Each structure stands twice: as structure tokens, then as C-alpha cells.
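Trainee: To start, I am sharing the structure in question, which I have written as C-alpha cells.
The values are calculated or read from the model by the stated rules, or taken from the named source; none is laboratory data. From a predicted model like this one, the values you see are computed outputs, not experimental measurements. Cβ coordinates were reconstructed from backbone atoms using ideal geometry, including for glycine residues, and neighbour counts include every protein chain displayed. The protein model used for the area step is the full one, side chains on, heavy atoms only, and it has no ligands, DNA or RNA in it. Shrake-Rupley method; radii C 1.70, N 1.55, O 1.52, S 1.80 Å.
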Amino acid sequence: MLLHPPPPPAEILQVRPGIPFFEGSDPMLLGVLGWTLEHAPSLAKVFDRLLKAEPKARYRLTQGFDKNYGRLLVGSDDQFILVEIQVPMLPWKRCGDAVEPWLATAIFLAATTAERGDLRGTPNPNRFKFLSVTKNAAFALQKEVRKELEAADPVRFKDMPYGWTLYESGFRAVPGRTRPSQQRPLPPGLN
């Protein structure tokens, strides 16, 4: 059983055939994931690692509003390990950043955790304290994804802030650069 109740059932967007998502994934995040996988080869490699790492895992993408760079909540039922991947939304909501780089970071954390076999065991939301090396690797991937996204859509991804700086500042809006209500547009078809 998951630690948080799922959001109301939503029509699940097909990201790729055979992807093990379970009910309650955020449709906007699934759409962003599909677009990002098409335009960021570095994230596509990490996503493939996630899918191969733990055959019994099923994933749900949700919006996270903690001042963090990603969070995993793990539960189980009779058949599967159920993993809620919380994507940090504060950079997008407050800082004029894009959702896609933070989705990449969240997927990286889930893939790394699954590859280490750490999804099995007693579910505990405070169990996943990521090591500095994992955090640094997540932000290195995010930086690479940002470059790939800017090449794919230079207008929408022009002048993206640096993710590590946003995280270190507690996702505070940059004075003179962004307004709290200002959000970078979502991929085409999701606006």
C-alpha cells in the first residue's frame, strides 16, 4: 500500500508501450515525459535503465512540492513494488524553470535506487537519503538534459536557470528575473 492515497483516476497517456505505470500518474507529467524522452537521449538511456532495474516495480509520477530535488515513496501489494516518483514542481511554479529537467532528476534517482536493489524491503518514506555522489550525478544528468532540450526547442528553453542554484536557494524566485506566477510553457500539445 502506498503512503499517500493516489490522485483521482485520470486517463493515462501512453508514453511508450509496456511501461509499467500504475493508476494515478499525473497526466501532465506523463505527457512531459513522453516529449522529453523523444528529445533528450541522455534521459532516454536512464529511463531504459529504470525499466530494466527492477522487474517487480510499477511506477507512478506525481507532483512533489517539497523543497527537494526529488523524492521516492515505496510501498507494495501482493504482486508488485509500487514506487511513487515525486517530481519537484517548485522550480517550475516559482522560478521560471522548466518541468523537464526536474523530471529527469527524479527519474535518475528512481533508476539509481532500483539498480542498487534498494526498492525492496520495508517501505519508509525517510529511508531514501541520497548520497552526495548520487545528488551530484543527478544534477550532472540534469545539466546534460538542459543542453539537449535547448537544442530541441531553443525558444522555449532559452535562458534556463541552473538547477543546482535553484535547489540550493530553496527554490526562491530570482528577483528581477522571474515572477512567482511566471511558468515556462509545457511541451507542444500539453499547454
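Trainee: Give me, ordered by chain and number, the residues 5 or more places off Ala57 or on other chains with an amide H under 5 Å from its own placed amide H.
Mentor: Ile81
Trainee: Given a Förster radius of 41 Å and the C-beta distance between Glu168 and Gln79 as r, what FRET efficiency does 1/(1 + (r/R0)^6) yield to the nearest 0.05?
Mentor: It comes to 0.50.
Trainee: Please enumerate, by chain and number, the lysines with C-alpha under 23 Å from the C-alpha of Lys147, excluding those fewer than 8 residues away in the same chain.
Mentor: Output for Lys147: Lys45, Lys93, Lys135, Lys158.
Trainee: While we're here: At Lys135 and Ala152, where each label point lies 7 Å from the Cα along Cα→Cβ, what is the point-to-point distance in nanometres?
Mentor: 2.8
Trainee: So how far apart, in nm, are the two label points at Asp118 and Lys67 if each is 7 Å from Cα heading toward Cβ?
Mentor: 2.3
Trainee: Could you state the accessible area per residue of the stretch 39-136 in Å², with a 1.4 Å probe and every protein chain left in place? Before the final figure, lay out each step's value.
Mentor: On the way: 3970 Å² over 98 residues.
That works out to 41 Å² for each residue.
Trainee: Another question, then. Could you work out how far the C-alpha centroid of the stretch 129-175 sits from that of the stretch 56-102, in angstrom?
Mentor: The stretch 129-175 and the stretch 56-102 have Cα centres separated by 16 Å.
Trainee: Show the residues, 5+ positions off or on another chain, whose built amide H is closer than 5 Å to the amide H of Arg71.
Mentor: Gln86
Trainee: Please label the shape of the stretch 32-117 as rounded, prolate or oblate, based on the square roots a ≥ b ≥ c of the eigenvalues of the alpha-carbon gyration tensor (a/c under 1.5 means rounded; beyond that, a/b larger than b/c means prolate, else oblate). Can you show the working numbers first?
Mentor: Details: a/c = 2.28, a/b = 1.39, b/c = 1.64.
Oblate is the answer for the stretch 32-117, as a/c is 1.5 or above yet b/c matches or exceeds a/b.
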